[in-house]
Amino acid sequence: MKNKIIIFDTTLRDGEQSPGASMNTEEKIQIARQLDRLGVDVMEAGFAAASPGDFDAITQISKEVNNITVCSLSRAVERDIKAAADALIQAKNRRIHTFIATSPIHMEYKLKMTPDEVIKRAVNAVSYAKSLVDDVEFSCEDAGRSEISFLKEIVDATIKAGATTINLPDTVGYRLPNEMAYMISELSKIINGRAIISVHNHNDLGLATANTLSCIQAGARQVECTVNGIGERAGNAALEEIVMAIRTRKDVFAPLYTDIVHKEIYSTSRLVASIIGMEPQANKAIVGKNAFTHESGIHQDGMLKNSQTYEIIKPSDIGLEIDGMILGKHSGRHAFKDKLLSLGFNLDDKNLNSAFEKFKILADRKKEIFDEDIRAIVANEIIKIVKAYELEIVAANSCSNGHSSASITIKHKDKKISDSALGNGAIDAIFKTIDRISKINGLLKDYDVKAVSQGTDALAKVIVKVEFNNDKTVIGHGLDVDTIEASAKAYINALNSYLSVQF
Ligand code: KIV
Ligand code: ZN
């Protein structure tokens, strides 16, 4: 095993800390199933003590996956560690991941603790975690800005207390590749094979993947990463970049390897993007829309002569096949289910039936159904919130003289309520009408619309960020072939989401 690079995926924990990327339990389960197919070794399913939602998601995922080690994050406090152990109880392989900050700035200002107190707290946390599970990971938060001599001291003490993996995060994405490699080689002297060395790099300087690869060369054997590189602030090291670098540059990394099933990379990326409603940038390495697109004539000519002239990875290596118009209005439930499985969705009967219904409605309205359309329908379907308000009819007029208007009928508590309003544009008028009907004031903070696939009849996916009643900001998603209707649905979805948080 000394040549295996353990892939520790934290899409469901650090990834979820991306602004606007929060997921409900059903969505997390879908991603967990796909991570299982992808072949990750450890899955950080959440932070059990953070919220009942996180606790529930970890519990459900623990029942769901077999081969993967399921992990919960916990601060170095008994309450968190106990919650982590309780949430993981049904996991076949479970790990508690406990952490405390070790950099001078964090210890002095955030923790207000002396270095000795921090060591004591870390040792107690690891010992307690070890009394509950065998597999304990300890992280030195902000290791990147910690003193190496202090890291050696705390790492030695926590290994003696039972830690089996030691993680050294560059929490603020500050370090350069050679500096990270130096830290790993210094720490490996003291660790000396007693624990697995792990790294966790953030991307604030765009170096997360480079730093991770450097750490691997210096002796790290576990890497923490997320699908599409999502995560706190500028994100985490991207799983697909690390894995494909190791695979593509065997001349440098062999005999090191990962157990990732490369052909599942693209599906996993699409699944995560459609569930959280956040597309990777077009020029994102490996999974961006343009990652395999050749624009210049010279490049295209070279590609036709020999694809290796300009391509170091074949799209099919990551499971990217040309998106076909595979399903149509005559496709049956069986074909639909097969398609969903190939796209990484494994729905229970209830969700499958309702997604199939949506698919049939779409097939009547849209000539060609692409994989992206299906992904969008399903992602929308599994966003389960109580539907306090439901759109019945929307009509809107856009007028260049500034007098746009909307009329809307909404179902609420079995009653149909209709109203209308003027606005600065059709969308503004729609949102104002919904506010009048619900009597809840929304302040639109962000509005994003994207065509899910190709053609002028493509499904429009609208994502809104709305602050209701000067209180909470929530995200809403809406999907329809009509952009106006998708916008109304997105706003109502945000409203429902706001109301479900209230009760
Ligand atoms: O970035 C970080 O330091 C973390 C730790 C909690 C592992 O996410
Ligand atoms: Zn992190």
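Between the Cα long axis of helix 25-38 and the first principal axis of the chain there is an angle of about 60°, rounded to the nearest 10.
Cross-link partners of K450 among aspartates and glutamates, defined as those whose alpha carbon lies under 19 angstrom from its own and excluding same-chain residues fewer than eight positions apart: E279, D323, E368, D371, E372, D373, E381, D428, D480, D482, E485.
Three semi-axes describe the equivalent ellipsoid of the chain; taken as square roots of 5 times the Cα gyration tensor eigenvalues and ordered largest first, they are 42, 28, 21 Å.
Cross-link pairs exceeding 26 Å in C-alpha to C-alpha distance, out of K339/K360; K63/K461; K416/K439; K366/K461; K2/K289; K92/K358, comprise K63/K461; K2/K289; K92/K358. Accessible surface area normalised per residue over the chain is 44 Å², counting heavy atoms of protein chains with a 1.4 Å rolling probe. Across all C-alpha atoms in the range 297-382, the radius of gyration and Dmax reach 16.9, 51 Å. Over the range 389-502, the ratio between the Cα radius of gyration and 2.2 N^0.38 Å evaluates to 1.01. A crude spin-label estimate for the pair D348 and K413, with each label 7 Å from Cα along the Cβ direction, gives 2.9 nm. Note on R145: accessible area is roughly 80 Å² with a 1.4 Å probe, heavy atoms of protein only. Counting charges near A234 (Lys, Arg +1; Asp, Glu -1) among other residues having Cβ under 15 Å from its Cβ returns a value of -2. For the range 6-276, the calculated P(r), taken from all Cα-Cα distances in 5 Å bins from zero up to the bin holding the longest distance, is 1, 7, 14, 18, 21, 19, 13, 7, 2, 0 percent. Carbon-plus-sulfur accessible fraction, the chain (probe radius 1.4 Å, protein heavy atoms only): 51%.
Normalising the Debye intensity of the range 116-236 to I(0), with uniform scatterers on Cα atoms only, and taking log10 at q = 0.09 Å⁻¹ returns -0.22.
The values are calculated or read from the model by the stated rules, or taken from the named source; none is laboratory data. Bear in mind the structure is a predicted one, so any value in this text is a computation, not a measurement. Quick reminder, even Gly has a Cβ in these numbers, built from the backbone with ideal geometry, and neighbours come from all protein chains shown. Heads up: the accessible areas ignore ligands, DNA and RNA and are worked out on the full protein's heavy atoms, side chains in. Shrake-Rupley method; radii C 1.70, N 1.55, O 1.52, S 1.80 Å.
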